[in-house]
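What follows is calculated from the coordinates using simple rules that are stated; it is not laboratory data. A quick note: this is a predicted structure, and the numbers were derived from the prediction, not measured. Positions of Cβ are backbone-derived with ideal geometry, glycine not excepted, and every protein chain shown enters the neighbour counts.
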Amino acid sequence: MTDAMLKQIKQLPPLPETAIQIEAVYQNVNATFEDMVKILQKDPLLTADILKSANSPLYGFSREITSISQAVSLFGMGTIRGFALASIISKSFPLDLSPYGISPAQYSNKAKLQNALVTGWYVRKNPKILGVLSAAAFLVDIGKVLIAQVLKEERHIDAFAQALKAGGNISETEQTFVGATTAQTSAQIFDHWRFEEEMILSIRHCEAPLGAPDGVRLAAQSLQIVRTAVTFEGTLIPQSVDAAKALVHQYALDIVSFEGALANLQA
């Protein structure tokens, strides 16, 4: 990672107090749903954002979710934590992704689809790992925002964009220009903010999950799969879905649940 990237990360402002409190509750093994609800209810704007996310057609609920306590009960603390952190952190950055040729809306769509896919895949199979994956699926690409800022400051936007247009691999192009990929940068950001180690390691190893420590390998593999399924532009297309399914088979994961989650999204 270049000095310019490290400098950007070190200069990040601290997380808002609400995010710190949410993390404290999530990481407290004795915390209850009510503890999470109390924190969220103190911030009406955040509560509105969470309810908007929870009522997205992506999650397939037939009835409107009208209260934050209902949302926490239905989704669990891990997923609601993901909704909350995605809302808080996205507002902490200027989302200028012009070097990548994508809009803030496309970036947001990718994050939402990744979260919805991993939620549908694991919500009934492994709620514990979903606590890590929900936030990670929302936030794994936040590193692109800092990379774009460094490219802008160093006046490399045109050269970077041309490299991508010429068919360059995104991760390899990022390595060339800033010495780190999106996932590596995102992991460094969350390490700076002192998020829990499982989430940091899952993100750090999601591009090469076979090298992940045993305790986070499944999360890293799952994160790689949902990032593969959802395209760079925030869509699901046959080629990306087939590539994701191939990884599910390669890692001997639950293909039936994965295909069920995909079918719900595509419907």
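Summary of values
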| item | result |
| --- | --- |
| Distance violations [Cα-Cα > 27 Å] among Lys112/Lys165; Lys91/Lys112; Lys10/Lys91; Lys125/Lys245; Lys7/Lys42; Lys42/Lys112 | Lys7/Lys42 |
| Separation in nanometres of the label points that stand 7 Å from Cα toward Cβ, at Lys125 and Lys42 | 3.7 |
| Taking only Cα atoms of the range 1-44, radius of gyration then Dmax in Å | 15.1, 43 |
| Mean projected area (nm²) of the alpha-carbon convex hull when the range 1-113 is viewed from all directions | 8.6 |
| Förster radius 35 Å - calculated FRET efficiency between Arg155 and Gln250 (Cβ-Cβ, nearest 0.05) | 0.30 |
| Value in Å of the Kirkwood radius, where the range 122-267 supplies the Cα pairs that are averaged | 16.1 |
| At R0 = 30 Å, FRET efficiency that the Cβ-Cβ distance of His192 and Ala243 yields, to 0.05 | 0.40 |
